[in-house]
């Protein structure tokens, strides 16, 4: 079970409070976690990554274990602490705008 | 007694303003979708309880929200807007080719007859359609593909398709407008399109009378006279009486003919409203006086309407989708400002009062007249 922390606007959109947990088949990667997240909460499709290219939206970042993973390849394994549920995978809205 | 529902899109959420037919006391609900940019909210003419809202964010992209109960509750529907085939390129600001990229929905136009059918005008400019209440969207790609698409260029606000008008009398005829490509007409329900910009004159493009490239800000039509269209262009207020084949200027005695919105009185097809803005480099009212101008002849004679509007130190803008009219007698006129005010006139523009004063910057105003 992967723990995911969403930014406030996406929690509102998905109608969830606090952390969410998703089951991932196979290795825990950015791609498999977002796939699982979108499968559970279809309203998030297009909000974290582009519908067609599946690239991360420019103002969205991925953090975990005090690291910025945003520029890792989508199939790079996530840290073991995320994979085993000890640490959450953070989806962050970049600080920008007014 | 009739009721009025005003649907307001702002930079930080949507608001629904309701009143009885007197239009004196208003209830305000919102913000809906707080913190998101709401470019447009519009109800279906076929079912006024069916409302569509364009919810966008630079962070999290496009959402489409749908209400089936007049704006009380909402459900997200489909948000996948994918250009048909290979998208190709349009011109960028510097004249270089730039790939077509979906950014947001600027305008929803629900079908006149079917609440599940809606047209969406998007940036980068294209026209999309749903026939299943917003669950899925497909592009009417004949518009981008008719030949001039690669030469279209964005205006300062982006290359947006912001105006969609269905002809209520001629099946299959519809009009759209794009900044900064111009106006286009289809006579086969959106399959094929032709530019309709003859008579427009724009000094800011290399050929002022070019077939495309004009920065049309808004077009309005009275449903009883669908061959007559009124246009607020970047500069110039224009009119056509032949469905866009030929345009002529009717700026007349306006103090400045730059502006964004234009609308037509619900019961008088020759009565038109604009809000003149100082210039393309100073997007606020001339002399700090917020004035609506009314034209009762459809020609060159405009009268200023100021009663109840600020006449000093007012430096707001009124954006292209931020004016609308109701169908009551007398006709109500409504507009919203970038300062967060929504003004209403219950007497066709003679007097004005704010419904609300302190909303986020208003992007769009639509009015529903309810039984």
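The values are calculated or read from the model by the stated rules, or taken from the named source; none is laboratory data. Since we're looking at a predicted model, the values are computed, not measured. All Cβ positions, even for glycine, are placed from backbone atoms using ideal geometry, and neighbour counts span all protein chains on display.
Within region B:68-97, count every residue that is in contact with a helix residue (DSSP H, G or I) (Cβ under 7 Å, 6 or more places away or on another chain) and within 14 Å of chain A (Cβ to nearest Cβ).
Adding up the residues that qualify gives 1.
So is residue B:35 on the phi > 0 side of the Ramachandran plot and either away from every other protein chain (no Cβ under 11 Å) or touching a residue at least 40 places away in the same chain (Cβ under 8 Å) (or both) or not?
No; evaluated as a whole, the condition is false for this residue.
Being in contact with a strand residue (DSSP E or B) (Cβ under 6 Å, 6 or more places away or on another chain), under 25 Å from residue B:261 (Cβ atoms) and within 13 Å of another protein chain (Cβ to nearest Cβ): is that true of residue B:122 here?
Spelling it out, it is not the case that residue B:122 is in contact with a strand residue (DSSP E or B) (Cβ under 6 Å, 6 or more places away or on another chain), under 25 Å from residue B:261 (Cβ atoms) and within 13 Å of another protein chain (Cβ to nearest Cβ).
Taking the options B:247, B:235, name whichever one is in contact with a strand residue (DSSP E or B) (Cβ under 6 Å, 6 or more places away or on another chain) and closer than 27 Å to residue B:315 by Cβ.
B:235
In this structure, does residue A:54 turn out to be loosely packed, with under 15 Cβ neighbours inside 10 Å, in contact with a helix residue (DSSP H, G or I) (Cβ under 8 Å, 6 or more places away or on another chain) and within 14 Å of chain B (Cβ to nearest Cβ)?
yes
Take residue A:79 and tell me if it is surrounded by fewer than 18 Cβ atoms within 10 Å (Cβ to Cβ), closer than 30 Å to residue B:87 by Cβ, away from chain B (no Cβ under 12 Å) and at pLDDT 95 or above.
When the stated conditions are applied, residue A:79 does not pass them.
Here are the criteria: (1) within 14 Å of chain A (Cβ to nearest Cβ); (2) in contact with a strand residue (DSSP E or B) (Cβ under 8 Å, 6 or more places away or on another chain). Tell me which single one residue B:19 does not satisfy.
(1)
Of the residues in region A:1-16, how many are surrounded by 12 or more Cβ atoms within 10 Å (Cβ to Cβ), within 14 Å of chain B (Cβ to nearest Cβ) and outside any loop (DSSP other than H, G, I, E, B)?
Residues in region A:1-16 being surrounded by 12 or more Cβ atoms within 10 Å (Cβ to Cβ), within 14 Å of chain B (Cβ to nearest Cβ) and outside any loop (DSSP other than H, G, I, E, B): 6 in total.
The rows are residues; the columns are (1) assigned to a strand (DSSP E or B); (2) under 19 Å from residue B:262 (Cα atoms); (3) touching a strand residue (DSSP E or B) at 6+ places or on another chain (Cβ under 6 Å).
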residue: B:329; (1), (2), (3): no, no, no
residue: B:335; (1), (2), (3): yes, yes, yes
residue: B:338; (1), (2), (3): no, yes, no
residue: B:349; (1), (2), (3): no, yes, yes
residue: B:355; (1), (2), (3): yes, no, yes
residue: B:359; (1), (2), (3): no, no, yes
residue: B:363; (1), (2), (3): yes, yes, yes
residue: B:368; (1), (2), (3): yes, yes, yes
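Please go through region B:233-284 and give me each residue that is touching a residue at least 24 places away in the same chain (Cβ under 8 Å) and in contact with a helix residue (DSSP H, G or I) (Cβ under 7 Å, 6 or more places away or on another chain), ordered by number.
Selection gives B:255, B:256.
Scan region B:296-327 for residues that are in a loop (DSSP other than H, G, I, E, B) and buried (at least 19 other Cβ atoms within 10 Å of the Cβ) and jot them down.
B:298, B:302, B:309, B:310, B:316, B:317, B:318, B:319, B:320, B:322, B:326 - these are the residues of region B:296-327 that are in a loop (DSSP other than H, G, I, E, B) and buried (at least 19 other Cβ atoms within 10 Å of the Cβ).
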